[in-house]
Amino acid sequence: MISCFSPVVDNNTTRIVVGTMPSVDSLRFSEYYGNPRNQFWKILFSVFEDGRQPAGYEDKIATAQKHGVGLWDILASCKREGSLDSNIKDESFNDFPLLLQRYSNVRILIFNGQNSYKYFLKVHGQLPGVEYRVMPSTSPANAAKNFEAKLKEWKEALSF
């Protein structure tokens, strides 16, 4: 059984990027989007920091929070061989309604791929007062779109 990380959220968070479950690399490094080939941090730094290279994981988290972006996964735990969402079994879910009640400035949930969105709808449906945006996955397993196409969509989703 594997478990997700604690949410990265504070009182300035206005939107949360919702993943499914950390990858094998992310779990090994204890970092959100820890696979070096995952494009999430490159996209975030392209949108908010003119493509600046992050100084490390602490810089990544501080930059996300500075721009009102939080991170959490829909799954609290599951069984999974490898990193593919298609291998997930015996999942349990995080309590997003409780988190959103505690952090009332959050108005947008940005789903990092279709699977996190499908799991979220299955458990929570449409929550009142929260907008949903479903983005192409930043995972290296998603090669359907190139970086520039993903960046354009993510920029729109992350901007107000």
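Residues that are part of a loop (DSSP other than H, G, I, E, B), over 15 Å from VAL17 (Cβ atoms) and of a type in the set (A, V, I, L, M) within segment 50-84 comprise ALA55, LEU84, listed in sequence order. Residue count for segment 85-117 under the criterion of being more than 15 Å from the chain's Cα centre (by Cα), closer than 12 Å to THR20 by Cα and part of a loop (DSSP other than H, G, I, E, B): the result is 1. In the set PHE96, PHE120, only one residue is in contact with a His (Cβ under 9 Å, 6 or more places away or on another chain) and either surrounded by 19 or more Cβ atoms within 10 Å (Cβ to Cβ) or not aromatic (Phe, Trp, Tyr) (or both); that residue is PHE96. The set of residues from segment 16-45 being among the small types (Gly, Ala, Ser) and either touching a Gly at 6+ places or on another chain (Cβ under 8 Å) or surrounded by 17 or more Cβ atoms within 10 Å (Cβ to Cβ) (or both) comprises GLY19, SER23, SER26, GLY34.
For first residues located in segment 73-90 and without any contact (Cβ under 8 Å) to a residue 24 or more places away in the chain, partners that are assigned to a loop (DSSP other than H, G, I, E, B) and surrounded by 16 or more Cβ atoms within 10 Å (Cβ to Cβ) and lie 6+ apart or on another chain with Cβ distances below 6 Å form the pairs ASN87/ARG80. Could you please let me know if GLY129 is in a loop (DSSP other than H, G, I, E, B), over 16 Å from PHE40 (Cβ atoms) and touching a residue at least 40 places away in the same chain (Cβ under 8 Å)? The answer is no for GLY129.
Every number in this text was worked out from the coordinates using simple rules, so none of it is lab data. Bear in mind that the values here come from a model prediction, so they are computed numbers and not experimental data. Don't worry about glycine lacking a Cβ; one is built from the backbone with ideal geometry, like all the others, and counts go over all protein chains shown.
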